[in-house]
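S.K.: Questions regarding the structure given below will be posed in turn.
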Amino acid sequence: MGVIRGFLKFVGGGMVGAAVGAAITVLMAPRSGPELQAEIKARLAAAQQARGEAEAQTTRELQAKFREEVHDPDAFRPKIGLP
């Protein structure tokens, strides 16, 4: 009986602790769910835009370096009038 009683006290204490922790978390949360979702979406959009700009800049730099290395200023540019 003593083991079962100890186990039940342990489980009960864990459940009370979890409930208190959840209540404190909800009360101390800095933003509501929709506010947090909006902030995350805004940060994600900004990160995607920054990635696109960085990718475009890197592409331009690599193309310029390649043109310099092969001594062809028209490399990577469309050849108009060619079949």
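S.K.: Return the calculated 222 nm mean residue ellipticity for the chain, to the nearest 500 deg cm²/dmol, obtained by summing -39500 (n - 2.57) across DSSP H runs with n ≥ 4 and dividing by the residue count. Mind dumping the intermediate values first?
M.R.: Details: 2 runs with 65 residues, N = 83.
Value at 222 nm, helices only: -28500 deg cm²/dmol.
S.K.: Right, here's the next one. May I ask you to evaluate 6.51 cos²θ - 1.76 cosθ + 1.60, the Karplus curve with θ = phi - 60°, for each residue of the range 18-35 and list the ³J(HN,Hα) values in order in whole Hz, giving x for glycine and proline?
M.R.: 3J(HN,Hα) across the range 18-35, in whole Hz: 5, 5, 5, x, 5, 5, 5, 4, 5, 6, 9, 4, x, 9, 7, x, x, 5.
S.K.: If R0 is 30 Å, what FRET efficiency do you get for residue 23 and residue 44 from their C-beta distance, rounded to 0.05?
M.R.: On the way: r = 30 Å, r/R0 = 1.01.
It comes out at approximately 0.50.
S.K.: What distance in nm lies between label points placed 7 Å from Cα along the C-beta direction at residue 71 and residue 15?
M.R.: Each label point is offset 7 Å from its Cα along the Cβ direction, giving 8.3 nm.
S.K.: Follow-up question, since we're still on this one. Of the candidates 39, 69, 61, which one comes out as most mobile in a Gaussian network treatment of the chain with C-alpha springs shorter than 10 Å?
M.R.: Ranking 39, 69, 61 by mean-square fluctuation puts 69 first.
S.K.: Cut-off 10 angstrom, C-alpha nodes, Gaussian network model of the chain. Which of 18, 45, 56 fluctuates the most?
M.R.: Checking each option, the largest mean-square fluctuation is seen for 18.
S.K.: Which of rounded, prolate or oblate describes the range 38-83 when judged by the alpha-carbon gyration tensor and an a/c cut-off of 1.5?
M.R.: Oblate, since a/c reaches 1.5 and b/c is not below a/b.
S.K.: Hey, another quick one. Would you list, by chain and number, the lysines whose Cα falls below 24 Å from the Cα of residue 79, excluding same-chain residues fewer than 8 positions away?
M.R.: Within the straight-line cut-off, residue 79 pairs with 65.
Just so you know, all these numbers are worked out from the coordinates, no wet-lab data involved. No experiment lies behind these values; they were computed from the predicted model shown. Note that each Cβ is placed from the backbone with ideal geometry, even for glycine, and that neighbours are counted across all protein chains shown.
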